[in-house]
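No lab work stands behind these numbers, since they all come straight from the coordinates. Predicted model, so just to flag it, every value in this text is computed and none were measured. Cβ sites come from the backbone with ideal geometry, for glycine too, and all protein chains shown count toward neighbours.
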Amino acid sequence: MKTEIQIGGMSCQHCVKAVEQALGTVQGVQQVEVSVGRAVVITERAPDMNAIRNAIEEEGFQVI
């Protein structure tokens, strides 16, 4: 399942790397593609959006 997420507060490649690493720790996430302002998360089934949101917010960014 592919889910696109809009992310606020990202401005550079360091931000991209932080979000990639955070999302990579979420259970069930198989693949992550991140660019400034957005992320595409590929999961084996419906994603746990609370876990995804928490991982992003713990890095200091906002899910829009």
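Condition first: over 11 Å from Ile7 (Cβ atoms) and surrounded by 14 or more Cβ atoms within 10 Å (Cβ to Cβ). Now tell me which residues in segment 43-53 satisfy that. Steps first, answer last, please.
Step one: of segment 43-53, the residues over 11 Å from Ile7 (Cβ atoms) are 43-51.
Once the filter is applied, which keeps residues that are over 11 Å from Ile7 (Cβ atoms) and surrounded by 14 or more Cβ atoms within 10 Å (Cβ to Cβ), segment 43-53 yields Thr43, Pro47, Asp48, Ala51.
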Report summary line: The number of residues in segment 1-41 that are free of Cβ contacts under 8 Å to residues at least 40 places away in the same chain, within 15 Å of Glu57 (Cα to Cα) and in contact with a strand residue (DSSP E or B) (Cβ under 7 Å, 6 or more places away or on another chain) is 7
Report task. Please give the strands (runs of 3 or more DSSP E) falling wholly within the chain in which 3 or more residues are out of contact with any Asp or Glu (no Cβ under 6 Å at 6 or more places or on another chain) and among the β-branched types (Val, Ile, Thr). Result -> 2-8, 38-43
Report summary line: Per the filter on segment 1-45, residues under 15 Å from Ile64 (Cα atoms) and of a type in the set (Asp, Glu) are Glu4
